[in-house]
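The values are calculated or read from the model by the stated rules, or taken from the named source; none is laboratory data. As the structure is a computational prediction, the values presented were derived from the model and not from experiment. FYI the Cβ positions are ideal-geometry reconstructions off the backbone, even for glycines, and counts take in every protein chain you see. Please note that ligands, DNA and RNA were not included when accessible areas were found on the heavy atoms of the full protein model with its side chains. Shrake-Rupley method; radii C 1.70, N 1.55, O 1.52, S 1.80 Å.
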Amino acid sequence: MAAIPPREYTILLTHLHRPSSSLPLSTLQSLVSHFLAQTPTPTPLTATVISSPLFRPFSHAKLSTLITAFRHAVHLRLKALEDEERSLFTRGIRPRMAEWARGLRKGFKGGPAVIRFVCAGGILLGLDDLKEKLGTDPGGGSLRANTEDQLIIALTEIMQLYGAPKDNAWENEFQPETEHGELDVLTLTLLFTAQLLPHVFSERVKVLPLSALSSHLMTIIESTFASGSFLASLPSSCTTTTSGRLSLTMPVGPKQPSFPYDGPSPWNESAPLPGALKALIDSPLFAAIPSLAGITARILPLLTESSPLEGWNTMQATTMRLEKVANNVENYWAQSALAGIENDDDIAPESRNVVANIWTILKTLLFTNIVLSQSSLSTITYSRPVYSPSTSLEPKLSPVHPPTHSSLALSTLRTLSHLAFVIAKFGGVTSTSSAGLAELKRVFYSALDVLSADVEAGETFVRTLNAHGGYSRMCSPTSSSKGATRKGSLIHAREAFNLACVEQLVPLLSPDTIEHVAFPLCLPHLNDASCRETYESSHSVILAIFAAHALAQLESTTAAEVQGTRVLRPTFVEKIVPFYVRCLLENSGDGKLTTPQLRLAFCALIGSASASTPALGQFCLSSLLSTLSGLSISTTEDAQRRHRLRLVLVSTLSALPLALLPDALSAVADAIRGSKGEELVEMAGEVFKEVMENVGDQEKEYCLRWWEEQRESLEGRIEIENAKGKGKDALLARL
C-alpha cells in the first residue's frame with residue numbers, strides 16, 4: 001500500500017462505510033477503479049466495496065457504477081503490469097493478472113448476491129475487452145472460467161431469493177429493497193443479465209435454471225409493452241381538428257404511469273396517451289429490449305439441448321405470450337382513427353411526435369417477435385418434441401395440446417398476422433426492395449416451411465383465414481369515408497399477409513380448399529391495382545395454383561378410367577383457365593401488371609393449361625392472338641399495350657407443346673414484321689433468347705428451323721435500322 005496515497009485511499013474508505021456520500025457516483029467509480037488496479041492484493045478493498053451500505057438500496061445507477069468500476073480496474077491493472085519494469089525472473093502478465101483477479105474474487109465472500117453479480121460482471125467485461133491479450137480459455141481453472149463461475153453462482157442465488165413468489169408480506173420486509181421509483185430487484189438484475197450473459201460460455205449458461213430464467217425475461221418483455229395495452233387509450237385520444245387533421249388529445253385521467261409497472265392495469269383507456277408513451281420509451285426496460293430479446297433467444301436452444309421437454313414447453317409458452325401481446329396491440333390499433341392515416345400531412349403538427357413514438361414502440365415490438373421467433377424456429381428445425389404428462393411451469397399459459405413443430409409455426413404466423421399493419425410499413429413479407437427486412441422474411445418463410453411438413457395443419461390454417469382480413473369483428477361499421485378507408489387499410493394489410501401464406505401452402509391444399517378458400521381470397525384483388533401488394537400477391541397465388549396443377553399433371557392424369565373408356569373430368573383449375581386468360585389480358589394495360597409479370601403469368605398459365613389438354617393451350621393462344629388483332633394503334637397507350645402483348649406471345653413459345661408451335665411461330669413472325677425501330681430490335685432479341693434458352697429440346701429443333709427461315713429477312717431489316725444510325729451491330733452479329 002506504500003504506493004497508494006494514504007489520504008485519498010482513506011477518504012474513499014470513509015465514503016464507502018457511509019450509507020450516503022457527497023461524492024458523485026462517477027467520482028466514486030474512478031476512485032474504486034484506480035485503487036483496485038494499483039494494489040496487488042485487492043481483497044480488502046473489494047470486500048469493503050461489496051459490503052458497503054453506499055450501494056444499498058439498489059438502483060440502476062449504483063449497480064452500473066460497480067460494473068464500470070470493476071471493468072475499468074481490469075484495464076488499469078493490465079496497463080500497470082505492462083508499465084512495470086521487468087527482469088529475467090519477473091513472472092508473466094497473465095499469471096499476475098490471474099492472481100490479482102483471484103484476490104478480487106476472495107473479497108466477494110459474504111457479500112449480497114446482487115453486488116457480487118454486477119462486480120463479477122464488470123470483471124468479465126474487462127476480460128472480454130482484453131481477450132486478445134489475456135486469451136479466452138473457457139476451461140476450468142482459468143481466469144475467465146473462474147469469473148464466469150462467480151457470475152453464474154450469484155445469478156442462481158438471486159433467482160432463488162427473488163424469483164419465487166412471496167406469499168408472506170412479513171418475509172418481504174427482510175428482503176433488500178430498491179430505491180424509490182426503481183425496478184424490483186429481480187428485474188433490475190435481469191437487465192444486467194441481458195448484458196453480461198452473452199459473454200459467458202454456453203456450457204456454463206446451461207447450469208442456470210433456464211426455464212425459469214426465460215419465463216422471468218418474458219415477463220419483463222411483456223410488462224415493457226404493458227401486455228399490448230399501451231395503446232388502450234389510443235381510440236379515445238383520436239379527434240379531428242377543424243382543418244380535418246387527426247389530433248391525439250390528452251383526455252383528463254389518472255397521472256401518467258411510471259416504471260416499474262405492476263402489470264397492464266395502469267394502461268387503461270382513460271390514461272393520457274402522450275404521457276404513457278413517454279414513460280414507456282424513457283424507461284430502462286424499453287432501452288434494454290434488444291438485449292433482453294437477444295439473451296432470451298440464446299437461452300431457448302440451450303434449454304432445448306439440455307432439457308428437451310422443458311425447452312419445447314418453454315418455446316410454446318413464449319410464442320403464446322408473444323401472440324397475446326400482438327393480438328391486444330392489433331385490437332386497440334384497429335379501433336383507432338390513426339389506423340387509416342396514410343400521410344403525415346393528415347396528422348396535426350402537435351401530434352406527430354406522439355405518432356412517431358407509437359411507431360417506434362410498434363417497430364420495437366415487431367423486432368422483438370422476429371428475434372424470439374427465429375430462435376424458436378431454428379431450434380425446432382433440428383429437434384423433436386418430447387411429450388410428458390407433467391404440467392407446465394406456467395399453467396395459465398400451458399397449451400391444451402403438447403407442443404409440436406406445426407403448433408409453434410402456427411403461433412408464429414398468427415403473431416405476425418396480428419402485426420401485419422406494422423409489417424406493411426416495411427413493404428410486407430413479399431417485398432423485394434432494399435426497404436424490406438431480411439430477418440422478417442426469414443422468420444416468415446421458416447414458419448411456412450415448418451408448417452408445410454404437416455399437410456393437415458397447413459390446410460386447416462388456410463381454411464381459418466378470413467376473406468376480410470380478420471378485421472371485420474374489430475372495425476365498427478361507419479358510414480364515413482374515413483371510416484371506410486380505415487377499415488380498408490387494415491383489411492389490405494392482413495389480406496396481403498394471408499395471400500403470402502396461401503401462396504406458399506398451395507401445394508398442400510386439396511382441390512376443395514383451393515376452390516372454396518384460396519380462390520375466393522384472390523378474386524376481389526385480381527383487377528384492383530390500387531393496393532399493389534394485395535394485387536400482386538393475388539396473382540401470385542393464382543399462378544401457384546396453376547403451377548401445382550401442372551406438376552400434378554406430370555405425376556398423374558386427371559382423366560378417370562371407367563370400364564376401359566377414358567372419361568374426362570375437368571378440374572376446378574381447368575375451369576378457371578378462360579376466366580384467368582381474360583383477367584390477364586384485361587390487366588395488360590399501363591398501371592396494371594408490369595411487362596415481366598405479365599409475361600411470366602401468361603407463360604405459366606399456358607403451360608399449365610397445355611399440360612391438361614392441348615385444347616386449353618390452344619384456347620389461351622387464340623385469346624391472346626384475338627386481343628392482339630383487335631387492338632387499335634391510334635393512341636400511344638394502345639401501341640405500348642400491343643408491343644407488351646407481342647412480348648407475351650414470345651414468352652409462350654417455351655410453354656407450348658409442339659402441336660401448337662406452328663400457329664404461335666406464325667403469329668410471332670407477323671409480330672416481327674409489324675414492328676419497327678426499337679420494338680423490332682427488342683422483338684428479335686427476345687425471340688432469339690426464348691428459342692435458345694427456354695424452349696425444350698423436343699421443340700427446339702422445330703423452332704431453330706423456323707428461325708433460319710426468318711433470319712434472312714431479319715438481317716435485311718436490321719441492316720436498314722443500322723443505316724438509320726440505330727447501332728444494332730451486336731444483334732446483327734447474332735443473326
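Taking the range 80-108 on its own, how many of its residues are surrounded by fewer than 10 Cβ atoms within 10 Å (Cβ to Cβ) and aliphatic (A, V, I, L, M)?
Residues in the range 80-108 being surrounded by fewer than 10 Cβ atoms within 10 Å (Cβ to Cβ) and aliphatic (A, V, I, L, M): 1 in total.
State all residues of the range 498-520 that are in a helix (DSSP H, G or I) and open to solvent by 10 Å² or more (accessible area, probe 1.4 Å); if no residue qualifies, say none.
Let us first name the residues in the range 498-520 that are in a helix (DSSP H, G or I), namely 498-508, 511-520.
Selection gives Glu503, Gln504, Pro507, Leu508, Pro511, Asp512, Ile514, Glu515, His516, Val517, Phe519, Pro520.
Quick check: anything in the range 636-656 of a type outside the set (A, V, I, L, M) and in a loop (DSSP other than H, G, I, E, B)? Walk me through it before giving the result.
Applying the first criterion (of a type outside the set (A, V, I, L, M)) to the range 636-656 yields 636-638, 640-644, 646, 651-652, 654.
Those still in the list that are in a loop (DSSP other than H, G, I, E, B) too: none.
No - not one qualifying residue is present in the range 636-656.
Restricting the search to the range 663-678, which residues are open to solvent by 10 Å² or more (accessible area, probe 1.4 Å) and over 13 Å from Val650 (Cα atoms)?
Of everything in the range 663-678, those that are open to solvent by 10 Å² or more (accessible area, probe 1.4 Å) and over 13 Å from Val650 (Cα atoms) turn out to be Arg673, Gly674, Lys676, Gly677, Glu678.
From the list Ser434, Ser446, exactly one residue is at pLDDT below 85 and either part of a helix (DSSP H, G or I) or among the hydroxyl-bearing types (Ser, Thr, Tyr) (or both). Which is it?
Ser434
So if I check each of Thr478, Thr460, which one is hydroxyl-bearing (Ser, Thr, Tyr) and either crowded, with 19+ Cβ neighbours inside 10 Å or at pLDDT below 90 (or both)? Reasoning before the result, please.
Working: Thr460 fails: either crowded, with 19+ Cβ neighbours inside 10 Å or at pLDDT below 90 (or both).
Result: Thr478 is the single residue among Thr478, Thr460 that is hydroxyl-bearing (Ser, Thr, Tyr) and either crowded, with 19+ Cβ neighbours inside 10 Å or at pLDDT below 90 (or both).
Filter the range 158-193 down to the residues that are modelled with pLDDT of 85 or more and surrounded by fewer than 15 Cβ atoms within 10 Å (Cβ to Cβ) and list them by number.
Restricting attention to the range 158-193, the residues satisfying the condition of being modelled with pLDDT of 85 or more are 158-162, 184-193.
Scanning the range 158-193 gives a single hit, Gln160.
What number of residues within the range 180-214 are among the polar types (S, T, N, Q) and out of contact with any helix residue (DSSP H, G or I) (no Cβ under 7 Å at 6 or more places or on another chain)? Can you show your working first?
Keep residues of the range 180-214 that are among the polar types (S, T, N, Q), which gives 187, 189, 193, 195, 202, 211, 214.
When the remaining residues are screened for being out of contact with any helix residue (DSSP H, G or I) (no Cβ under 7 Å at 6 or more places or on another chain), the result is none.
Residues in the range 180-214 being among the polar types (S, T, N, Q) and out of contact with any helix residue (DSSP H, G or I) (no Cβ under 7 Å at 6 or more places or on another chain): 0 in total.
I'd like to verify a number: residues in the range 340-364 that are over 13 Å from Leu273 (Cβ atoms), open to solvent by less than 10 Å² (accessible area, probe 1.4 Å) and in a helix (DSSP H, G or I), how many?
The number of residues fulfilling the criteria is 1.
Can you tell which of Asn313, Asn328 is closer than 18 Å to His418 by Cβ, open to solvent by 10 Å² or more (accessible area, probe 1.4 Å) and touching a Ser or Thr at 6+ places or on another chain (Cβ under 7 Å)? Lay out the reasoning, then the answer.
On the way: Asn313 fails: closer than 18 Å to His418 by Cβ.
Step by step, each of Asn313, Asn328 is checked, and only Asn328 is closer than 18 Å to His418 by Cβ, open to solvent by 10 Å² or more (accessible area, probe 1.4 Å) and touching a Ser or Thr at 6+ places or on another chain (Cβ under 7 Å).
Give Ile281, Ile295 a once-over and let me know the one that is open to solvent by less than 30 Å² (accessible area, probe 1.4 Å), under 29 Å from Glu179 (Cβ atoms) and either charged (D, E, K, R) or at pLDDT 85 or above (or both). Please lay out each step first, then the result.
Working: Ile281 fails: open to solvent by less than 30 Å² (accessible area, probe 1.4 Å).
Checking each option against the conditions leaves just Ile295.
Hey, could you check the range 109-151 for residues that are among the polar types (S, T, N, Q) and farther than 22 Å from Val49 by Cα and say which is most open to solvent (accessible area, probe 1.4 Å)?
Thr136
Going by the structure shown, is Glu350 of a type outside the set (Gly, Ala, Ser), more than 23 Å from the chain's Cα centre (by Cα) and under 29 Å from Leu183 (Cβ atoms)?
Details: of a type outside the set (Gly, Ala, Ser): yes; more than 23 Å from the chain's Cα centre (by Cα): yes; under 29 Å from Leu183 (Cβ atoms): no.
In short, no.
Among the residues of the range 584-595, is any touching a helix residue (DSSP H, G or I) at 6+ places or on another chain (Cβ under 8 Å), open to solvent by 20 Å² or more (accessible area, probe 1.4 Å), closer than 23 Å to Trp706 by Cα and in contact (Cβ under 8 Å) with a residue 12 or more places away in the chain?
The answer is no; no qualifying residue exists.
Can you tell me which residue in the range 207-234 is nearest to Val422 (Cα to Cα), limited to those that are open to solvent by 30 Å² or more (accessible area, probe 1.4 Å) and more than 27 Å from the chain's Cα centre (by Cα)?
Across the range 207-234, the extreme among qualifying residues is Pro209.
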